[in-house]
Amino acid sequence: TIVPAYLAKGLEFDSVLIADADAASFGDNDAKLLYVACTRALHKLKLLHRGPLTNLLTAEG
């Protein structure tokens, strides 16, 4: 099942793959959206990114 992050609230999945988890796709204004996407995974969460990972997921962010 492919679901956009903004429609995933309230749903749960065994695995979640977040494509484009880089700084260009997720800026500071997207923190809630990324939080919802990351917390939908019950067992496995994978983040794909080309370039630097978004600051929302790094120790510096």
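The values are calculated or read from the model by the stated rules, or taken from the named source; none is laboratory data. These numbers come from a predicted model, not from an experiment. Positions of Cβ are backbone-derived with ideal geometry, glycine not excepted, and every protein chain shown enters the neighbour counts. The protein model used for the area step is the full one, side chains on, heavy atoms only, and it has no ligands, DNA or RNA in it. Shrake-Rupley method; radii C 1.70, N 1.55, O 1.52, S 1.80 Å.
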Going through the stretch 8-29 one residue at a time, which ones are open to solvent by less than 100 Å² (accessible area, probe 1.4 Å), more than 14 Å from Pro52 (Cβ to Cβ) and under 9 Å from the mean Cα position of the chain (by Cα)?
Val16, Ile18, Ala19
Would you point out the residue of the stretch 30-61, among those that are over 15 Å from Phe13 (Cα atoms) and hydroxyl-bearing (Ser, Thr, Tyr), that is least open to solvent (accessible area, probe 1.4 Å)?
Thr54
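Conditions (1) at pLDDT 90 or above; (2) in a helix (DSSP H, G or I); (3) under 14 Å from Pro4 (Cα atoms); (4) not hydroxyl-bearing (Ser, Thr, Tyr), marked per residue:
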{"residue": "Ser25", "(1), (2), (3), (4)": "yes, no, yes, no"}
{"residue": "Asp30", "(1), (2), (3), (4)": "yes, yes, yes, yes"}
{"residue": "Tyr35", "(1), (2), (3), (4)": "yes, yes, yes, no"}
{"residue": "Lys46", "(1), (2), (3), (4)": "yes, no, no, yes"}
{"residue": "Gly51", "(1), (2), (3), (4)": "no, no, no, yes"}
{"residue": "Ala59", "(1), (2), (3), (4)": "no, no, no, yes"}
